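Taken together, the values in this text are just the output of simple stated rules run on the coordinates, not laboratory data. What you are looking at is a predicted structure, and each value in this text was computed from that prediction instead of being measured. Glycine gets a Cβ as well: all are built from the backbone with ideal geometry, and neighbour counts include every protein chain shown.
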Amino acid sequence: MIWETLVAAFFLGLLGAGHCLGMCGGIAAALSFALPANKTPQKLVFLTAYNAGRIASYTFIGLMAGLVGWWLGQVTGAVYLRIFAGVLLILLGLYLADWWRLLGLLEKSGAGLWAKIQPIGNRLLPVKTVPQAALLGLIWGWLPCGLIYSALGFALASSNSNALYGASIMLAFGLGTLPAVFTGGLAAEKILALFKLRNVRIGFALCYIVFGVWTVYIAIQHAGHSHHTTGEHAEHNHVHAEKTDSQYAPEEGQLNNDDNTHNNSQENPQHPPHHSHHH
């Protein structure tokens, strides 16, 4: 099950290419523009360091979400968490298609923390060294983003049995965002223009909505199956207990006969025969 979840998390990041470019593509492009055009190998090194730092932040946040998900799983069970993750994915699809921007309120919830972190990142610009690029990625991984929050909800919901699943899922999600952000740093304007096309955005949004509906459906199906299995198990135990009782309980007629025999033995006690001895 964990491998299916990791693949799903990877595609969650991959399908968010347009959103990733809008949120992180500008920084990735700034890393490229800071170097001359003939410095392509150095650009690749900077982009690699930046993305490594960004994905490291995702993984750490995923671990924290995994710990919360594991705790909630012990309290509420996994079904409610999976439904929560599916609803988040549906909201993300509606948000990307610009049909309902409720998820924008969730992005604003992280604005307070980001206001404190962003100035540190701004002081790293322009990036001139590889460690600066990596540190900038670490900071930019905390950027308030509906796509990241949806992935975190997915990670939280999948960590009911193991907190490390949250870190693994966010790592897979980060790797899924890598192609968009990495190539965005090299050809940001052309790729961003492509994902600004409404039909392209709606296509990706529909993928998220379908994925969310599927997640909710599987969670409900699993809950129904678990309830049915539990009911059958309880009924089997009840029938088995009745059979066991009937096996060891004496029949009514036998019980009455035993009682009568016992009463007669008390009323008419048997004396041993008296033998006379002749001398």
(message) In segment 105-137, whose amide N lies under 11 Å from the spot 7 Å out along Cα-to-Cβ of Ala56? List them in ranges.
(response) 131-137
(message) Give me the one-decimal nm value for the distance between modelled label points at Ser109 and Val7, 7 Å along each residue's Cα-to-Cβ direction.
(response) 3.1
(request) Give the span of segment 106-159's Cα atoms along each principal axis, as three whole-Å numbers ordered largest to smallest. (result) 39, 22, 14
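Where does each of Ser168, Ser109, Ser159 land when they are ranked from fewest to most other beta-carbon atoms within 10 angstrom? Could the numbers behind the result be given before it?
Numbers: Ser168 21, Ser109 10, Ser159 29.
Fewest-to-most Cβ neighbours within 10 Å comes out as Ser109, Ser168, Ser159.
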(request) Compute the distance in nm between two label points, each set 7 Å from the Cα along the Cα-to-Cβ direction, one at Leu125 and one at Trp99. (result) 3.4
(message) Give me the one-decimal nm value for the distance between modelled label points at Val213 and Gln74, 7 Å along each residue's Cα-to-Cβ direction.
(response) 3.8
